[in-house]
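K.L.:
Let me begin by handing over the structure; questions about it come next.
The values are calculated or read from the model by the stated rules, or taken from the named source; none is laboratory data. All values reported here derive from a predicted model rather than from experimental measurement. Glycine also receives a Cβ, built like all others from the backbone with ideal geometry; neighbour counts cover every protein chain displayed. Just the protein is used for accessible areas: all its heavy atoms, side chains included, with ligands, DNA and RNA removed. Shrake-Rupley method; radii C 1.70, N 1.55, O 1.52, S 1.80 Å.
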Amino acid sequence: LKMSWFWLYLPLHLLMAPCLCHSIKAPTTSSQQSFKTDLFNFYHSLILADGKETTIHLLKDIPKRYYFVLEEGRVLAPFSVTVTPCDVPIEWSILVYKSPPAKATPGDHDTQEVSKSQRASSMVSTIFNYKGNSVETYMGMSSHSALYLLEFLSTERDTHITVYLTTDTTSRHLYPELPMDPRIDVIGIGHTTVTLTWKHSPSVLQHRDSIQYCLLVNEKHNYKSLCAAETAIRSSGMKLPPTLALSLSPYLLEPQQVMILSHSELSIINKVSSGEVRQVCMGTKNTYTVPNLSPSTQYYFDVFIVNLLTNASAAYTGTFARTLEEPEPKVTELKDGKVVHVVLDGKKQKFYSLRYQARHKKIHFTFQLCRGQMRVHITRNGKTVVSENLSGLRYFSLKGKLLDTYLVQLRSTEESNSSVKVQASPHFHKPLFPLLPESLKIKSFSKLRTCRSVTIAWLGTQEESKYCVYRKRIEEDQVWRELQSADRCSGPESRHKSEKVLCKYFYDLNLQRAVTTETIKGLEAGTLYLFDVYLFGPSGIPVRYHSKAVKTRKKC
């Protein structure tokens, strides 16, 4: 940009003054050249670049000023200034210093002083001012050379903004264009989903390869720019590498990738105390269904059109929607002594409810976790009496009144399938499951291992019970999968007959001696086996001990 030095004849005290309304008095002709040089050296860093987005940091209550000069020799000089607040509302204004008229002819001294004052006040004028946190653009046209001053002020706290000045309004814009109607329409609302659509940006139709839409979802409020959203998330304590900022160079994202930002880390799925924040970049699609939302929750949705080459963006008018309330779950009635097997699909159905009306004061609930992870919540007449995670076999003995109503709510705590067996009965009712030992672990003795046999041991009880031992040959890389996928409620009926080793009865009234050992023979050298023990009680329903993997010696 070719500078017009004539318009830098402004006095230094005026340019540094906090108030921009002082009278202007031009320096004498003899001092003009040196004065121009001083001004240029002093204010060189405050000249606003043309055709480039500039980030400006503002300190609270301290104004900051930038200058630009329109080129000489042009009949009409168009320009535009776009300011994007990245946090709190700011105040900003544009002032213009125009060319003073020719010097007055010599005459009366008083008349000359009045003429100078009139000329000075006519040289400066405010052509635009704004206060707020919206993205604002001023477009102007000047018929003569002029010096423009932009002043920015934040009265709430330290912040930063971006400013884009251009005097070439005929070339491609830095910011993508918004359609005539920039609103986001909500076309569908479910219990956990919201479907949105918006009109295409003209920039998408012209530059499809370098433009894409990004959607921001949060539970707090709408953001008027991607810059503001990034600042809000960073202020919560987020520390991200420069390449992982929220404005995130969206081309680094895979299509449909959802990013969740939490207190101090970036992860795929995570909840923060103030709710979720997601960024979804979906290419040039202008319809999107937001999945995995919480029922009966208000969400705010912002769509940004992003230029992948410059990382500049423009914001559609944000909207909000409240997901539908979760429907009342189906309730299954529990009957005395009857076993109910509950299976939950962690992705589709995460809750299951059972109701039991007490016919006795003491009630005994039994839960046998078969697979996955699950949490149980029991209320009596609406008041919580049990709330904990299930593990293995769990009993709850509760005392209340006749005809008390118990509601048992089961919730899967993972996305894979979970299952559990549930029984409710009077306290004196015949127990469904056998009496259990202190531990369901199987122990192996390394020193007793040979190439053809292994010795295992397990705890028993004071009640005579039947124990059956099974073995299965497996590969080393299958151990974890076998242990994770095992159905802990399944009995020996699910096993192949060739896997059965033996069955035996035993008990001991002295719990210190209620332990049994068994040497399993006929094994192959250097081979890994998975051993299971099933305990059968009076009811015939088995309880499976924790599987134990043991490898025979390779050489003996």
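K.L.:
When a/c reaches 1.5 or more, the comparison of a/b and b/c decides; with that in mind, is the range 486-556 rounded, prolate or oblate per its Cα gyration tensor?
P.N.:
Values: a/c = 2.27, a/b = 1.37, b/c = 1.66.
Because a/c hits 1.5 or more and a/b fails to exceed b/c, the range 486-556 counts as oblate.
K.L.:
While we're looking at this one, here's another question. In whole percent, how big is the carbon plus sulfur part of the accessible area of the range 331-425, probe 1.4 Å, protein atoms only?
P.N.:
Reported share for carbon and sulfur atoms: 45 percent.
K.L.:
What FRET efficiency do you get for S80 and T155 if R0 is 22 Å and r is their Cβ-Cβ distance, rounded to the nearest 0.05?
P.N.:
After rounding, the FRET efficiency stands at 0.25.
K.L.:
Set the Förster radius R0 to 60 Å, insert the Cβ-Cβ distance between D209 and H496 as r into 1/(1 + (r/R0)^6), and round the FRET efficiency to 0.05.
P.N.:
0.55
K.L.:
Then there is this: If I histogram all Cα-Cα distances within the range 442-551 using bins 10 Å wide from 0, what percent of pairs lands in each bin?
P.N.:
All Cα pairs, binned at 10 Å, distribute as 13, 46, 34, 8, 0 percent.
K.L.:
To continue, here is another question. As an exercise, use a Förster radius of 35 Å and the Cβ-Cβ distance of W480 and T297 to find the FRET efficiency, rounded to the nearest 0.05.
P.N.:
So the FRET efficiency works out to roughly 0.45.
K.L.:
Another one. Report the full-extension gain for the segment T192 to K338: residue separation times 0.36 nm, less the Cα-Cα distance, to one decimal in nm.
P.N.:
Working: separation 146, 0.36 × 146 = 52.56 nm, distance 3.42 nm.
Full-extension gain reported as 49.1 nm.
K.L.:
Still on this structure: How many Å² of accessible area per residue for the range 425-554, probe 1.4 Å?
P.N.:
Spelled out: the 1.4 Å probe surface of the range 425-554, per residue, equals 58 Å².
K.L.:
Just how far, in whole angstrom, is the range 127-166 from the range 392-411 if you go by their alpha carbon centroids?
P.N.:
Cα centres, the range 392-411 to the range 127-166: 67 Å.
K.L.:
Could you tell me the largest-minus-smallest coordinate of the C-alpha atoms of the range 331-425 on each of the three principal axes, in descending order and whole angstroms?
P.N.:
38, 22, 20
K.L.:
Enumerate the amide H contacts of L308 below 5 Å, restricted to partners 5 or more residues apart or on another chain; note that Pro and chain-start residues carry no placed amide H.
P.N.:
Amide H neighbours of L308: I211, Q212.
K.L.:
Turning to a different aspect of this structure: Which far-off residues, 5 or more places away or on another chain, put their amide H under 5 Å from the one on I47, with H placed in the peptide plane?
P.N.:
Sorted by chain and number, the residues that satisfy this are Y67.
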